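K.L.:
The structure is given below, and queries will be raised subsequently.
The values are calculated or read from the model by the stated rules, or taken from the named source; none is laboratory data. All of these numbers come straight from a predicted model, not from anything done at the bench. Neighbour counts run over all protein chains shown; Cβ positions are idealised from the backbone, glycine included. These accessible areas exclude ligands, DNA and RNA; they are computed on the full protein's heavy atoms, side chains included. Shrake-Rupley method; radii C 1.70, N 1.55, O 1.52, S 1.80 Å.
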Amino acid sequence: MSDMAFDDPDAIPDDALLVLFANGDRAAAAALTARLGPRVLSQAWRMLGDRAEAEDVTQDAMMRLWKIAPEWRQGEAKVSTWLYRVTANLCTDRLRRRRGGTQDIEDVPEPADPGEPADEQLQQRARLDALQLALDALPERQKQAVILRHLEGFGNPEIAEIMEISTEAVESLTARGKRALTRLLAGKRDELGYQDD
């Protein structure tokens, strides 16, 4: 197996890296993992609310990507879109399996920056907890659409492809999700440290 040295791996498209990996280039896999792994982990964490489960899903999603690499046809689909769809499906499967179970909210938020003062860390933690609880109260498809749009930064056409629905359906899901989040978080502005400007 030969490994290419990448001067600028960011300049190489995802699908080209995947083809390079399929041809035995481990450096291409490392570059693609460094690029997509954190975003997949973030998506899974937001959908599941559990860091350990999100890490498992990320690993599973990346393994599935490596398995399909030899059959990947450049230009037919975006690697990232395919990977986020797989991640969403894996998360949905886990959520269905654990329905009725309890969730430890202590595992939900991302760790606060240790450089922040303690009161700001606590405030950030409270905000993340409140957001995660509100997200968890949304119907599954609304939650997925809101996470992809507003937390992961995808556009509606990409979300439609990931979720395998129409762009109009994405718009409807995100609008209803935002309204539901607004209702769920109403009355908590002072408690969470938000003041009107």
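K.L.:
Can you name every one of the helices (runs of 4 or more DSSP H) wholly within segment 7-92 that holds 1 or more residues which are closer than 23 Å to Val146 by Cα and of a type in the set (A, V, I, L, M, F, W, C)?
P.N.:
Values: elements: 14-22, 26-48, 51-68.
The helices (runs of 4 or more DSSP H) meeting that bar are 26-48, 51-68.
K.L.:
Moving to a separate point now. Could you check segment 128-159 and list, in sequence order, the residues that are among the aliphatic types (A, V, I, L, M), surrounded by fewer than 20 Cβ atoms within 10 Å (Cβ to Cβ) and either under 11 Å from the mean Cα position of the chain (by Cα) or on the phi > 0 side of the Ramachandran plot (or both)?
P.N.:
The one that is among the aliphatic types (A, V, I, L, M), surrounded by fewer than 20 Cβ atoms within 10 Å (Cβ to Cβ) and either under 11 Å from the mean Cα position of the chain (by Cα) or on the phi > 0 side of the Ramachandran plot (or both): Leu151.
K.L.:
Can you report the number of residues in segment 19-62 which are in contact with a Leu (Cβ under 9 Å, 6 or more places away or on another chain), in contact (Cβ under 8 Å) with a residue 40 or more places away in the chain, open to solvent by less than 60 Å² (accessible area, probe 1.4 Å) and closer than 22 Å to Cys91 by Cα?
P.N.:
The qualifying residues number 10.
K.L.:
Among the residues that make up segment 160-183, is at least one of them modelled with pLDDT of 85 or more, open to solvent by 60 Å² or more (accessible area, probe 1.4 Å) and aliphatic (A, V, I, L, M)? Explain how you work it out, then say what you get.
P.N.:
Restricting attention to segment 160-183, the residues satisfying the condition of being modelled with pLDDT of 85 or more are 160-183.
Now drop any that are not open to solvent by 60 Å² or more (accessible area, probe 1.4 Å), which leaves 161, 164, 168, 171, 176, 178-179, 182-183.
Okay, now just the ones that are also aliphatic (A, V, I, L, M), so none.
No: zero hits.
K.L.:
Would you mind telling me which numbered condition in (1) at positive phi; (2) crowded, with 17+ Cβ neighbours inside 10 Å Leu65 fails?
P.N.:
(1)
K.L.:
In segment 71-85, what count of residues is obtained for those that are surrounded by fewer than 10 Cβ atoms within 10 Å (Cβ to Cβ) and touching a helix residue (DSSP H, G or I) at 6+ places or on another chain (Cβ under 8 Å)?
P.N.:
Of the residues in segment 71-85, 1 are surrounded by fewer than 10 Cβ atoms within 10 Å (Cβ to Cβ) and touching a helix residue (DSSP H, G or I) at 6+ places or on another chain (Cβ under 8 Å).
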